[in-house]
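What follows is a set of notes on a single structure, which appears directly below.
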Amino acid sequence: MPLQIDALINQNRRVPNVKNRVDEQIESAVVEYAIEYPAHGQHRSSNELRKKGIFVSGSGVRSIWLRHISKILQNA
């Protein structure tokens, strides 16, 4: 029996991945754009920001919105 317990205790666990985040300047630009144009969706926001030289995907825009939802709603 001691061998079975040692097998459970000595398991190596993988180090969790650090969340993939965009640069703080890109996050602030996405939040500012969302406050300025609240009716634009995530893909339109991504396309309009791309025209300004800020490259972030539509899903990236959405994840930034979810992290900053309180700030966006307060200013809307």
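A short reminder: the numbers here are calculations on the coordinates, not readings from a lab. Note that the coordinates shown come from a computational prediction; the quantities given were computed from them, not determined experimentally.
Numerical summary
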| quantity | calculated |
| --- | --- |
| Stretch gain in nm, segment Q74-E32, where the contour uses 0.36 nm per residue and the Cα spacing is subtracted | 13.9 nm |
| Tail beyond 13 Å, pair distance distribution of region 24-76 (Cα, percent) | 49 |
